[in-house]
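A.B. asks: Below you will find the structure I want to go over with you.
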């Protein structure tokens, strides 16, 4: 029952994130990426800051000076710049397909920078997944565009954020990290505005879109956290890929997008290799657990 609840929460979280992407895309019709990033950063920081205050936790603390937190915030800042810019410039279906490579890049980064053991099967899955990304990007062809490249860069930065999160001391509260993450979007938005300008007075539809992005994004964040705590990670995690289904559906019905065969094939490779990596890690954890138990008995 817990696993079923965890799966339902994970699917709800991915639906929320897909809707958040759609709201951001909709707001880009009248606002530049820098203004969208700034407004989301201000709104998210305010909401999480109030939640921290309500729980009696400090908004500003020495945690900001922790090395892992600083790396995480920098990755969040740069990742927000590239990801929201990608949503503005490229079809959300394409951005969502490329985004699915994040878990593979996290595994790659863990192997390179954290010394995590990765066998040849998972290395092969990573290579296959990256080939899928190249199939979507298609550099050197007429299908290549800047927005897709920005999405690929955002994946690397999001993976860096996730890796640094694993190194954050456990005494730092998750709400603090979320607040700092949204706070990092504020300078990101200011930098984009300084570089490209274009700020406008938001009209009613843009204001509602930004508000909608904040609401569904926060709801998705809560559902994701609950899903990872309720169900078994190996059972719940594969349902992260439902985000692509939701996002592509929104792209087709609301933005008249039509993903081509290369994009769909590349997305299939990314998802297939990601699922294989998850299942492989689960298999290794199950086989290594009895060995560690036997060793402790000795």
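A.B. asks: Quick one: what do you get for the chain if you divide its Cα Rg by 2.2 N^0.38 Å? Don't jump to the answer; show the numbers that get you there.
C.D. replies: Working: Rg = 19.5 Å, N = 298, 2.2 N^0.38 = 19.2 Å.
Working it through for the chain, the quotient is 1.01.
A.B. asks: Kirkwood hydrodynamic radius of the range 76-159 from all distinct Cα pairs, in Å? Can you show the working numbers first?
C.D. replies: Numbers: mean 1/r = 0.0758 Å⁻¹.
Every distinct Cα pair counted, the radius reaches 13.2 Å.
A.B. asks: Do the sum for the chain: with -39,500 (n - 2.57) for every DSSP H run of n ≥ 4, divided by all residues, what is the mean residue ellipticity at 222 nm, to the nearest 500 deg cm²/dmol? Write out the running numbers ahead of the final one.
C.D. replies: Values: 12 runs with 235 residues, N = 298.
Value at 222 nm, helices only: -27000 deg cm²/dmol.
A.B. asks: If each of residue 113 and residue 222 carries a label point 7 Å out from its Cα toward its Cβ, how far apart are those two points in nm?
C.D. replies: The two pseudo-label positions are separated by 3.1 nm.
A.B. asks: So if each residue of separation counts as 0.36 nm, and I subtract the Cα-Cα distance between residue 253 and residue 57, what length gain in nm does that give? Walk me through the numbers before you get to the answer.
C.D. replies: Working: separation 196, 0.36 × 196 = 70.56 nm, distance 4.25 nm.
Gain on extension, residue 253 to residue 57, equals 66.3 nm.
A.B. asks: Something else about it: Relative contact order for the range 74-218: what is it in percent, counting Cα pairs under 8 Å that are at least 6 residues apart? Present the calculation step by step, with values, prior to reporting the outcome.
C.D. replies: Values: 108 pairs, mean separation 58.9, N = 145.
Across the range 74-218, relative contact order equals 41 percent.
A.B. asks: Students often check this: by mean Cβ neighbours within 10 Å, which of 142-154, 105-117, 35-47 ranks highest, and how do the rest follow?
C.D. replies: Numbers: 142-154: 17.6, 105-117: 15.8, 35-47: 21.9.
In decreasing order of mean packing, 142-154, 105-117, 35-47 become 35-47, 142-154, 105-117.
A.B. asks: Could you state, as a whole-number percent, how many of the C-alpha pairs of the range 124-255 are farther apart than 17 Å?
C.D. replies: Numbers: 6667 of 8646 pairs.
So the pairs more than 17 Å apart make up 77 percent of the total in the range 124-255.
A.B. asks: With 16 Å as the cut-off, how large is the P(r) tail for the range 125-173, expressed as percent of Cα-Cα pairs?
C.D. replies: On the way: 643 of 1176 pairs.
For the range 125-173, the share of Cα pairs beyond 16 Å comes to 55 percent.
A.B. asks: Pop the C-beta distance of residue 146 and residue 203 into the FRET formula with R0 = 25 Å and round what comes out to the nearest 0.05. Could the numbers behind the result be given before it?
C.D. replies: Working: r = 27 Å, r/R0 = 1.06.
With R0 = 25 Å, the Cβ-Cβ based efficiency is 0.40.
A.B. asks: Which number comes out as Rg/Rh for the range 146-224 once both Rg and the Kirkwood Rh are worked out on C-alpha atoms?
C.D. replies: Values: Rg = 15.4 Å, Rh = 15.2 Å.
Value, to two decimals: 1.01.
A.B. asks: Work the Kirkwood hydrodynamic radius out for the range 39-117: mean of 1/r over every pair of different alpha-carbon atoms, inverted, in Å.
C.D. replies: Details: mean 1/r = 0.0650 Å⁻¹.
One over the average 1/r among Cα pairs gives 15.4 Å for the range 39-117.
A.B. asks: I want to check the label-to-label distance for residue 245 and residue 196. Put each point 7 Å from Cα in the C-beta direction and report it in nm to one decimal.
C.D. replies: If labels sit at residue 245 and residue 196, their model points lie 3.3 nm apart.
A.B. asks: Dividing the convex hull volume of the Cα atoms of the range 1-149 by its residue count, what figure in Å³ per residue is obtained? It would help to have the intermediate numbers written out before the result.
C.D. replies: On the way: hull volume 26.4 nm³, N = 149.
In the range 1-149, the Cα convex hull volume per residue is 177 Å³.
A.B. asks: I've got another one for you. Translational diffusion coefficient of the range 1-44 at 37 °C, 0.692 mPa s, Stokes-Einstein with Kirkwood Rh over Cα pairs, in µm²/s as a whole number.
C.D. replies: 272
Only the coordinates and a few stated rules stand behind these numbers; no lab work does. This structure is a prediction, so every number in the text was calculated from the model and none was measured. Please note: Cβ atoms are built from the backbone with ideal geometry, for glycine as well, and neighbour counts cover all protein chains shown.
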